[in-house]
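The values are calculated or read from the model by the stated rules, or taken from the named source; none is laboratory data. Keep in mind the model is a prediction, meaning the values are calculated, not measured. With ideal geometry, Cβ positions are generated from the backbone for all residues, glycine too; neighbour counts draw on all protein chains shown. To get the accessible areas, we keep the full protein, side chains included, count just its heavy atoms, and leave off ligands, DNA and RNA. Shrake-Rupley method; radii C 1.70, N 1.55, O 1.52, S 1.80 Å.
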Amino acid sequence: MPALRCAVLTPDGRGRLRWFPDGLLAFGADGHIEYCGPFSGAGKLKSGAVSRRGLLAIPGLVDAHCHLPQYPAVAADGLTLLPWLKRHIFPLERNFRGPQARATARMFFSDMAASGTTAACVYTSIWKDSTETCFEEADKSGLRIAMGKVMMDQGSYDAAFKGSASARRDRSLAESDELCRKWHRRDHGRLLYAFTPRFALSCSMELMTRAGELAARRGALVQTHLAENRDELAAVKSKFPGSAHYTDVYGKAGLLGRRSIFAHAIWLSDPEVRALAESGCTLAHCPTSNAFLGSGIMDVPRLEKAGVALALGSDVAAGPSLDLFGVMRESVYLQRVASAHRLFKHAERFGPGRAFAMATLGGARALGLEDKIGTLERGKEADFALLDRRGFEPSCAPAAGGDGVLARLVYRGGRDCVRETYVRGRKVWRA
Ligand code: GUN
Ligand code: ZN
């Protein structure tokens, strides 16, 4: 049985930090963790351990929101959400086909694994053929990927589909369902399908409602965008005058639920926060993207107080990098700035511990996998990254406890520290 002697830093099932400076992580051939704890308490497992001292094991990071076809458009600067989509994103997604799409998918998953990310919830484009390509590459990558074809029937490059609006809608639903039946729960659940109505501005109520029905029938995930930008908010209000607010549009479509992930969720009223908390959905917090597009700052204390589940997303390509260490860092910085400017009613010192829990356990919950991944504990699947501590801890720094090591990791860590990445105990990437 593989057993690694290294430091281990992980949240427990309630998000509290556990720290084993001289630890052991052992997992069986089936990829399940047999032991994770202090080396001294590992009994017989100690004798077969491979020494990886100097390295630190953390749970694989989970990117709860990103767009694969957009990868070539990272750092396309200077615009806010709606003009940025129109200028940089829709043309790119419209052309996302053929060998170029495969090359992009390969690079996307390889960069993800190289950043210590083991699981993600991914958008593709409207095309079924290139979504197939993305699933094939996700399968080959060994990563744990939930993914879906973008669904749209109005207001965007959906017109690339020939035919009337209702023909486009039917085609989008039929193709999404075919992809779901083919890929959902592949490789014992390593691949998952996420029905992906893009956002309220590019979907009719009928498309969203029927997408929600299909997702419920298949036991699949749902992902979309919510309340990211104030111009978007105004446009949704005028498009759906019968809805009380943006969240209500998705509520009327039946999209609020435990298996739904809503990205951004910045501009919310109190009734929306209550509705989101009651639904049990997850919000994907995307701080690097929110800063890049100037969308705003998520009121994390209010959402946490209301009991809304939160995960972290890179939102590539509005977020400039797949590296979730940078996303964790940005989440802390933005909350600190918001707090200094007294932007939010509820004061809470948001720090590296919360960011780390959101990027691990929070992401696992978003994917419905909190019993399988998100922490390093006996019985869970061995999805983890091995990091070189020299990459984020200066040798002149005194030894630190778990909180101190985590702070160095969040404020100084990044892709350069990642030495190896594992999913179900299988190495999927090495430096
Ligand atoms: N809202 C609708 N589509 C998108 C997208 O592709 N990126 C972001 N950041 N927001 C969106
Ligand atoms: Zn997005």
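Checking the cross-link pairs Lys182/Lys380; Lys239/Lys372; Lys237/Lys305; Lys140/Lys380; Lys345/Lys380 against a 31 Å limit on the alpha carbon distance flags Lys239/Lys372; Lys345/Lys380 as lying beyond it. Under the criterion of Cα pairs below 8 Å and six or more residues apart, the relative contact order for the chain equals 21 percent. In terms of overall dimensions, region 276-351 has a Cα radius of gyration and Dmax of 12.2, 32 angstrom.
Relative to one another, the C-alpha centroids of region 367-395 and region 98-159 are positioned 24 Å apart. Computed over the chain, the per-residue total of -39500 (n - 2.57) for DSSP H runs of n ≥ 4 gives a 222 nm mean residue ellipticity of -10500 deg cm²/dmol, rounded to 500. With the whole protein complex present, Thr288 retains an accessible surface near 20 Å², based on a 1.4 Å probe.
Ordering Lys162, Lys372 by accessible surface, largest first, gives Lys162, Lys372; the 1.4 Å probe counts only protein heavy atoms, with every chain in place. Computed from backbone phi with θ = phi - 60° and the Karplus coefficients 6.51, -1.76 and 1.60, the 3J(HN,Hα) list for region 400-416 is 10, x, x, 5, x, 5, 5, 4, 4, 5, 6, 7, 10, x, x, 3, 4 Hz; x is used for glycine and proline.
Applying a DSSP loop filter and a limit of 14 other Cβ atoms within 10 Å to the trypsin sites (Lys or Arg not before Pro) in region 182-283 leaves Arg185, Arg258.
For region 360-371, backbone phi angles converted through the Karplus equation (6.51, -1.76, 1.60; θ = phi - 60°) give residue-by-residue couplings of 10, 4, x, x, 4, 5, 4, 8, x, 10, 5, 7 Hz, Gly and Pro being listed as x. The mean accessible area for residues of region 261-322, using a 1.4 Å probe and ignoring ligands and nucleic acids, is 25 Å² per residue. Ranking His88, His184 from most to least accessible surface, computed with a 1.4 Å probe over the protein chains only, gives His88, His184. Region 36-91 and region 255-302 have Cα centres lying 21 Å from one another.
Once the Cβ-Cβ distance of Arg217 and Ser238 is raised to the sixth power relative to R0 = 35 Å, the FRET efficiency obtained is 0.60. Pair-distance distribution of the chain: all C-alpha pairs, bin width 20 Å, starting at 0; shares per bin in whole percent are 28, 58, 14, 0. To the nearest 10, the accessible area of His245 is 50 Å² with a 1.4 Å probe.
Stretched out straight at 0.36 nm per residue, the stretch from Met107 to Asp270 would grow longer than its current Cα-Cα span by 54.6 nm. Net charge dipole, region 144-225: roughly 340 debye, given to the nearest 20, about the Cα centre with Cβ charges of +1 for Lys and Arg and -1 for Asp and Glu. Between Ala263, Ala309, Ala275, the residue with the greatest mean-square fluctuation in the GNM of the chain (Cα pairs under 10 Å linked by springs) is Ala275.
For the pair Arg181 and Arg53 in one chain, pulling the backbone fully straight at 0.36 nm per residue adds 41.7 nm over the alpha carbon distance. Region 316-357 and region 405-431 have Cα centres lying 20 Å from one another. Counting only residues at least eight positions apart within a chain, or on another chain, the aspartates and glutamates with an alpha carbon under 16 Å from that of Lys128 are Glu93, Glu136, Glu137, Asp153, Asp158, Asp170, Glu175, Asp177, Glu178. Helix 128-141 and the long axis of the chain differ in direction by around 0°, with both axes built from C-alpha atoms. The modelled label-to-label distance between Arg430 and Glu278, using points 7 Å beyond Cα along the C-beta direction, is 5.3 nm.
Among the protein heavy atoms of the chain, carbon and sulfur supply 51% of the accessible surface, probe 1.4 Å, non-protein parts ignored.
A Gaussian network model of the chain, with springs between Cα atoms under 10 Å, assigns the largest mean-square fluctuation among Ser172, Ser130, Ser238 to Ser238. What residue among Gly319, Gly401, Gly351 has the largest mean-square fluctuation in a Gaussian network model of the chain, using Cα springs under 10 Å? Maximum fluctuation in the GNM of the chain, among the listed residues, is at Gly401.
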